[in-house]
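**Student:** My structure is below; once you've seen it, I'll send some questions.
Readers should treat all values here as calculations from the given coordinates under stated rules, not as data from a laboratory. From a predicted model like this one, the values you see are computed outputs, not experimental measurements. Here the Cβ positions follow ideal geometry from the backbone for every residue, glycine too, while neighbour counts run over all protein chains shown.
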Amino acid sequence: MTTKERLRKLSELKLIKSILIPLMNALGASKVENFHGVKENGIDIYFAYKDIFGEIKHCGIFVKKADICKSGKNDIRKMKTQIEEALTRPFINPISSIGKIKIEEFCFACNGILNKEARQYLTDMCDSKEMPYVRIIDIDMIEQLIINIMRDYNLNNKKLYSFSINNFDKFCAEYKEKYYFNKETQNISKSEGNEFQE
């Protein structure tokens, strides 16, 4: 069974807990939290990162299972209320626990494909709520991100990792600890060394 086939079989909750949260951690996001259920506020996953100016960006991921279109069972229009809540509802700052914030970047994730009509509907809705940054993380992107970190890991490790849903969280934790921060440190060192060179 391929990685994509295994991802497609996951429930929404399993996709959140076993794949997306570990993946966001591996990619270097900070304070990745599961908001699904009680804390949801329209988003299923919260994460933050610092931009090049050192400012913290608050982000939310809205997660759905299967292919998303503009008709039938998985009609994106049926998700309108939840998405609008994600875009506009303030919540307690997960980093400082002081004051309320709203997300500044919105991601729509699914273990299927968003068709052209659904993408346009989502983009128009985000524009209407003045959300300038929107990212769609469909099954193709999830698979590619997994492949990227596996390739990076395997190139720097004598043992090879083969994708498994059951241990992906442990793999991502090891990847972040051993490789992500080392790579970032090397990049910073290189840029500092070249700072005054023409």
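**Student:** Let me make sure I get this right: for the range 89-166, a, b and c are the square roots of the gyration tensor eigenvalues over alpha carbons, sorted descending. Under 1.5 in a/c it's rounded, otherwise prolate if a/b > b/c, else oblate. Which is it? Intermediate values should be presented prior to the final figure.
**Tutor:** Values: a/c = 3.25, a/b = 1.49, b/c = 2.18.
Taking the square roots of the gyration eigenvalues as a ≥ b ≥ c, the range 89-166 is oblate.
**Student:** Put a dot 7 Å past each Cα toward the Cβ at LEU160 and THR81; how far apart are the dots in nm?
**Tutor:** It is 5.0 nm.
**Student:** Let me ask something additional. In whole angstrom, note down how far apart the Cα centers of the range 139-164 and the range 49-84 are.
**Tutor:** The two parts, judged by their Cα centres, are 25 Å apart.
**Student:** A further question on this structure: Normalised by the residues of the chain, what does the relative contact order come to in percent, with Cα pairs under 8 Å and at least six apart?
**Tutor:** Details: 283 pairs, mean separation 43.0, N = 198.
So the answer I get is 22 percent.
**Student:** Please list, by residue number, every one of the chymotrypsin sites (Phe, Trp or Tyr not before Pro) in the range 1-59 that is coil in DSSP and has at most 11 other beta-carbon atoms within 10 Å.
**Tutor:** Values: sites: PHE35, TYR46, PHE47, TYR49, PHE53; in loops: PHE35, PHE53.
Qualifying residues, ordered by number: PHE53.
**Student:** Would you please state which residues of the range 66-94 a label at LYS100 would reach in this model, taking the label point 7 Å out along Cα→Cβ and a backbone N cut-off of under 11 Å?
**Tutor:** 89-93
**Student:** Going through the cross-link list LYS100/LYS176; LYS14/LYS65; LYS17/LYS73; LYS31/LYS64; LYS57/LYS129; LYS78/LYS129, which pairs have a Cα-Cα distance over 20 Å in this structure? Walk me through the intermediate numbers first.
**Tutor:** Details: LYS100/LYS176 29 Å; LYS14/LYS65 10 Å; LYS17/LYS73 24 Å; LYS31/LYS64 22 Å; LYS57/LYS129 18 Å; LYS78/LYS129 17 Å.
Pairs exceeding 20 Å: LYS100/LYS176; LYS17/LYS73; LYS31/LYS64.
**Student:** Same structure, new question: Just to verify a number: FRET efficiency for THR88 and LYS14, C-beta to C-beta distance, R0 = 25 Å, to 0.05?
**Tutor:** On the way: r = 28 Å, r/R0 = 1.13.
Approximately 0.35, to the nearest 0.05.
**Student:** Give me PHE62, PHE163 sorted ascending by neighbouring Cβ count inside 10 Å, so fewest comes first. Could the numbers behind the result be given before it?
**Tutor:** Working: PHE62 24, PHE163 15.
In increasing order of surrounding Cβ atoms, one gets PHE163, PHE62.
**Student:** Please list, short to long, the whole-number percent of alpha-carbon pairs of the chain in consecutive 10 angstrom bins beginning at zero.
**Tutor:** 8, 32, 34, 20, 6, 1
**Student:** Order 125-137, 106-118 from most to least packed using the mean count of other Cβ atoms within 10 Å.
**Tutor:** Per-residue mean Cβ counts within 10 Å order the peptides as 106-118, 125-137.
**Student:** If the elastic network links every pair of Cα atoms under 10 Å, which of LYS57, LYS176, LYS17 fluctuates the most in the Gaussian network model of the chain?
**Tutor:** Of LYS57, LYS176, LYS17, the most mobile in the Gaussian network model is LYS57.
**Student:** Taking the Cα centre of the chain as the origin and placing charges on Cβ (Lys, Arg +1; Asp, Glu -1), which of CYS107, GLN144, TYR161 is farthest toward the positive end of the dipole?
**Tutor:** Toward the positive end, the furthest listed residue is TYR161.
**Student:** Calculate for the chain the 222 nm mean residue ellipticity that helices alone would give, adding -39,500 (n - 2.57) per DSSP H run of length 4 or more and normalising by residue count, nearest 500 deg cm²/dmol. Mind dumping the intermediate values first?
**Tutor:** On the way: 7 runs with 72 residues, N = 198.
Estimated from H runs of four or more residues: -11000 deg cm²/dmol.
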